[in-house]
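Asks: This is the structure I have questions about; it appears just below.
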Amino acid sequence: MSSITPIYCQECGRANGRSAKRCIWCGLPIIEGDAPLAFDSTRVEIDYIGGIERLEDPAPVTMVVSPEGIEVIELMPGSRIVKIPAGSIIEAKVVDASEVAEASDKPWWSAIGSAKGKRSAATKKHDYLLNVKYYGDDDVQSAIFRREDKAGLQTVNALAWTISLIARRNKRREP
Ligand SMILES: [Zn+2]
């Protein structure tokens, strides 16, 4: 019995074989508690909106996500680099705040009903937000980033997925 110790999925909690790379139940990658996270760092340009104490103003930044955490690098000359260490990351979420441009003066749900038949003429205003929750100096903070281009959705989804890997590993380490 002791020779077949299962490992438990950090996400759904169900048992998997020791060599499992992905959970056979929910399909998410298995992260061993103390194993180092191994993934290639991702580097993207994105708009910083707020939520990091040392960066007061919204600005375009380069965001680097690596197993060590998140680096937010200002694009302006003399730019600052702010780091969110991997261990302080709680979760990452994507919010699709896109709107149909024709209906900018109305709530989006009224646009869906009234714009039937001419929906193809409506242009979508792409607006994708990435919300990263982390432990700041004093309490929990939410750093917000934004992409306003069509390809931005895929970009923020990929970032959120990668950051969630780090967050799930942290969750697993908590007692
Ligand atoms: Zn699972």
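Asks: Which length gain, in nm to one decimal place, applies between I4 and D57 when the Cα-Cα distance is subtracted from 0.36 nm times their residue separation? All intermediate terms of the calculation are to be shown ahead of the outcome.
Replies: Values: separation 53, 0.36 × 53 = 19.08 nm, distance 5.37 nm.
Using 0.36 nm per residue and subtracting the Cα-Cα distance, I get 13.7 nm.
Asks: Assuming R0 = 41 Å, what is the FRET efficiency of D139 and S19, from their Cβ-Cβ distance, to the nearest 0.05?
Replies: Efficiency for this residue pair is about 0.55.
Asks: So how far apart, in nm, are the two label points at K150 and L75 if each is 7 Å from Cα heading toward Cβ?
Replies: 2.0 nm
Asks: Give me the extension gain from S98 to T123: residue separation times 0.36 nm, minus the current Cα-Cα distance, reported in nm with one decimal.
Replies: Numbers: separation 25, 0.36 × 25 = 9.00 nm, distance 1.04 nm.
So the extension gain works out to 8.0 nm.
Asks: Also, I was wondering about something else. With a 10 Å Cβ neighbour count serving as the proxy for reagent exposure, in which order, fewest first, do D138, D149, D96, D47 appear? Each step should come with its number before you reach the end.
Replies: On the way: D138 7, D149 10, D96 13, D47 17.
Ranking D138, D149, D96, D47 by Cβ neighbours within 10 Å, fewest first, gives D138, D149, D96, D47.
Asks: Now a separate question. Among K171, K124, K21, what is the fewest-to-most ranking by other Cβ atoms within 10 Å? Before the final figure, lay out the partial values.
Replies: Working: K171 14, K124 11, K21 7.
The most exposed by this proxy come first: K21, K124, K171.
Asks: Provide the descending list of Cα extents for region 1-85 along its principal axes, expressed in whole angstroms.
Replies: The Cα atoms of region 1-85 stretch 60, 20, 19 Å along their principal axes.
Asks: Can I ask one more? Give the order of L75, L129 when sorted by the count of other beta carbons within 10 angstrom, beginning with the fewest.
Replies: Lowest count first: L75, L129.
Asks: Here is a follow-up. For region 129-175, what is the largest minus smallest coordinate of the Cα atoms on each principal axis, given in angstrom and ordered from greatest to least?
Replies: Principal axes ranked by extent give 41, 22, 8 Å for the Cα atoms.
Asks: With respect to the cross-link table entries K83/K150; K124/K150; K93/K171; K133/K171, which display a Cα-Cα separation exceeding 19 Å?
Replies: Numbers: K83/K150 28 Å; K124/K150 9 Å; K93/K171 16 Å; K133/K171 13 Å.
Over 19 Å Cα-Cα: K83/K150.
Just so you know, all these numbers are worked out from the coordinates, no wet-lab data involved. Being a predicted model, the structure only gives us computed values, none of them experimental. Here Cβ is always computed from backbone atoms with ideal geometry, including for glycine, and neighbour counts include all displayed protein chains.
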